[in-house]
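These notes are about the structure you will find just below.
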Amino acid sequence: MKKSRIGVLTGGGDCAGLNPAIKWVVKTALDERLQGVRGVSYQVLGIRDGWKGLIYAEPGSKDYIQHLDEEMVRTWDRYGGTSLGTSRTNPYDPKNDQSKRVLQNIDNLGLDVVVAIGGEDTLGVAYKLSQTGINVVGIPKTIDKDLPGTDYTLGYDTALNVITEEVDRLRSTAGSHKRIFVVETMGRHAGFLALEGGESCGAYIILIPEYDFSMERVSELLLDRKRMGSRYSIIMVAEGAKPEGSSEVVAGDEVDGFGHKALGGIGEFVAKEIREGRGMDTRSIVLSHLQRGGAPSAFDRRMGRYFGIAAVDLVVERNFGKLVSLTNGKITAVPLETVMEKPRSVDINTEYDTDRYNGRRTILNHVAEKQHARSLR
Ligand code: F6P
């Protein structure tokens, strides 16, 4: 029987849903019943630490290569993070281009195809490799849900659940102390996590990167709420949100291999403005990497499974250079090139209320809401 070797790796920020995807790539590729029908016998090599693994993996090396079998991955879908490890290493980093080593190692390891599980950076590398003739299939993940070409990215649902649970915990202490809590979520350019997390947990104000906010309006909204008799308020703010006329708040000057600076601090900025400028008792918390941690939600387990199976379907069909995708509720595949398009973001016209700084109160009739907002002012 013909033999073929699949390499699988996870790159970029970890999240829940990666392990289920790896498990199902392995189980589907190694499935004995399917092997007979396909006439191909697959082997799966796990590449450790994302693209870094393919820079340093030598044949026979144990540090970056792990042979995967069904028994080994049997329980992986219950666990968060990635059992293969990850990195933000960019083989095409202009300061240190290592792409030739990756090409050489793919050849040395006898990989017929690389299944890359990642977000825009990891899959951008996958696309560049596919342009050089390497067989690649992509699986989408990022808790930011901003990857073009798919309606779902692994890790997002688990992160929403974390946000909802943590804010549920905050409410009792916020209420006891009559405090305002500003909760900073991840979300570098896209406000999906803050907006949909805020909607899930009932945040009063939600600030997202797609719409620059005014502190005056935030204060007005808080006063309105006080007048209504509420004891406390939850404000959700995405790490990439910014006040009008300012830029994003960065946590430091260091940049990763893809040129990104770490964001962080907008939550405390907003809290300080309210505390010092408006005299209201306010605290901030940063949910940070908690959103990426923990066991995958039921949805991420299922999506990891479906994406993993679909990736192997593409491998079997030798339909390379594709990204597995959820589009309009269906698992499908789109050209990998799609990941190079503009990242997805919240549609301000249909998904965000720029007056209330929150999700919209009409879903089917946006015009009516705009008129209503205007008449109230
Ligand atoms: O990759 C998505 C993300 O979750 C962003 O929202 C965030 O800015 C970034 O990861 C932080 O990643 P790390 O601190 O692990 O480098």
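In table form, for the structure just shown:
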read-out: For the chain, projected area of the alpha-carbon convex hull averaged over all directions, nm²; value: 20.2
read-out: Using alpha-carbon coordinates, inclination of helix 99-108 to the longest axis of the chain, degrees; value: 40
read-out: Mean separation of Cα contacts under 8 Å (6+ apart) over length of the chain, as relative contact order %; value: 21
read-out: Within a Gaussian network of the chain (alpha carbon springs, distance under 10 Å), most fluctuating of His189, His289, His260; value: His260
read-out: Residue of Ser61, Ser87, Ser219 that the Gaussian network model of the chain assigns the largest fluctuation, springs spanning Cα pairs under 10 Å; value: Ser61
read-out: Residue among Gly138, Ala194, Val102 farthest towards the positive dipole end of region 93-207, charges placed on Cβ; value: Ala194
read-out: Within a Gaussian network of the chain (alpha carbon springs, distance under 10 Å), most fluctuating of Gly240, Gly60, Gly110; value: Gly60
read-out: Percent antiparallel among DSSP beta bridges (both partners in region 158-293, rounded to 5); value: 10
read-out: Cα-Cα pairs of region 215-261 separated by more than 11 Å (percent); value: 76
read-out: Long-range amide H partners of Arg5 with built H, under 5 Å; value: Gln43, Asp112, Val113
read-out: Between 0 and 90°, nearest 10: helix 156-177 axis offset from the chain longest Cα axis; value: 30
read-out: Cα long-axis angle, helix 192-201 against the chain (0 to 90 degrees, to the nearest 10); value: 60
read-out: Total lysine pairs whose alpha carbons fall under 29 Å of each other in region 1-129 (8 or more apart, or interchain); value: 26
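Since every read-out is calculated from the coordinates, none of them should be taken as a lab result. The structure presented is a predicted model; accordingly, all values stated were derived computationally and were not measured. Glycine gets a Cβ as well: all are built from the backbone with ideal geometry, and neighbour counts include every protein chain shown.
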